[in-house]
Amino acid sequence: LEEEKRVFDAIKVISYLVNKKSMQVDFFICGVGPEESFFKKYASQEGVIDNIHFCGIRNQLWLSTAIPLMDLCISPLTGRALVEVALGGIPVVGYDRDWQAEIIEHNLCGYICEFGDIEALSNFSSLVLQNQKKAREMGYQLRKKALQAFNKDDALNMEQSCYDELLT
């Protein structure tokens with residue numbers, strides 16, 4: 001849990017959903033890091049500490065079981081964990097940062113916002129949570145896209161082609 005991952009932005013979204021939209025949400029944060037105590041303090045100040053579950057480090061079995069049970073991933077910047085979420089088949093609301101927009105196709109697999117636009121991140125999160133039918137379809141489309149983009153056989157073939165090209 002580092003500042004660069006923008007976890008603080010996700011907690012602000014939870015605060016918006018709970019305090020402004022009166023939604024009952026549970027938010028799971030996996031990982032550990034130097035900012036964890038700061039995030040907990042801020043969540044307490046915002047009155048959402050009971051809505052946020054700091055899960056610590058979790059193994060792949062736990063993640064692959066838990067993710068499909070969730071309704072949404074708020075992804076300010078999740079790195080390669082975005083692949084795990086995509087394979088779990090849940091919609092994602094995230095920033096147009098790093099490579100996230102390459103897999104989160106706006107309004108098809110989730111929603112993409114300008115970097116740092118917490119208001120848009122909040123509004124799109126609310127929209128997903130209020131329309132479960134569309135959310136399920138978005139999750140399905142994201143999983144389908146991830147299975148195509150991260151196909152092991154295709155990746156191995158591409159790697160082999162790169163080696164072959166370098167050696168000729």
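The values are calculated or read from the model by the stated rules, or taken from the named source; none is laboratory data. Worth saying up front: this structure is predicted, and the values here are computed from it rather than measured. Virtual Cβ from ideal backbone geometry, glycine too; neighbours counted across all protein chains shown. Only protein heavy atoms, including side chains, enter the accessible area calculation; ligands, DNA and RNA are left aside. Shrake-Rupley method; radii C 1.70, N 1.55, O 1.52, S 1.80 Å.
Scanning the range 1-35 for residues that are farther than 23 Å from T65 by Cβ and either among the charged types (D, E, K, R) or part of a strand (DSSP E or B) (or both) yields E2, E3, E4, R6, D9, K12, K20, K21, E35.
When the test is whether a residue is in contact (Cβ under 8 Å) with a residue 12 or more places away in the chain and either open to solvent by 10 Å² or more (accessible area, probe 1.4 Å) or not in a helix (DSSP H, G or I) (or both), G116 passes it.
Of all residues in the range 1-55, which are open to solvent by 20 Å² or more (accessible area, probe 1.4 Å) and aromatic (F, W, Y)? F8, Y16, F27, F28, F38, Y42, F54, listed by residue number.
Select, from A135, A149, the only residue that is open to solvent by 30 Å² or more (accessible area, probe 1.4 Å) and over 26 Å from G33 (Cβ atoms). On inspection, the qualifying residue turns out to be A149.
With respect to being closer than 20 Å to K5 by Cα, open to solvent by 50 Å² or more (accessible area, probe 1.4 Å) and touching a Gly at 6+ places or on another chain (Cβ under 9 Å), I74 falls outside the description.
Restricting L156, L108 to residues that are over 24 Å from C30 (Cβ atoms) and at pLDDT below 95 narrows the list to L156. Taking the range 84-93 as the range and being more than 21 Å from N123 (Cβ to Cβ) and open to solvent by less than 30 Å² (accessible area, probe 1.4 Å) as the test, the residues that pass are A86, G88, G89.
The set of residues in the range 21-55 being among the charged types (D, E, K, R) and under 25 Å from D96 (Cα atoms) consists of K21, D26, E35, E36.
Scanning the range 56-71 for residues that are open to solvent by 70 Å² or more (accessible area, probe 1.4 Å) and under 12 Å from the mean Cα position of the chain (by Cα) turns up just one, D71. The residue that is most open to solvent (accessible area, probe 1.4 Å), among those in the range 94-110 that are more than 14 Å from A81 (Cα to Cα) and in a strand (DSSP E or B), is H106. Scanning the range 116-168 for residues that are over 19 Å from S64 (Cα atoms) and in contact with a Cys (Cβ under 8 Å, 6 or more places away or on another chain) gives A120, L121, F124.
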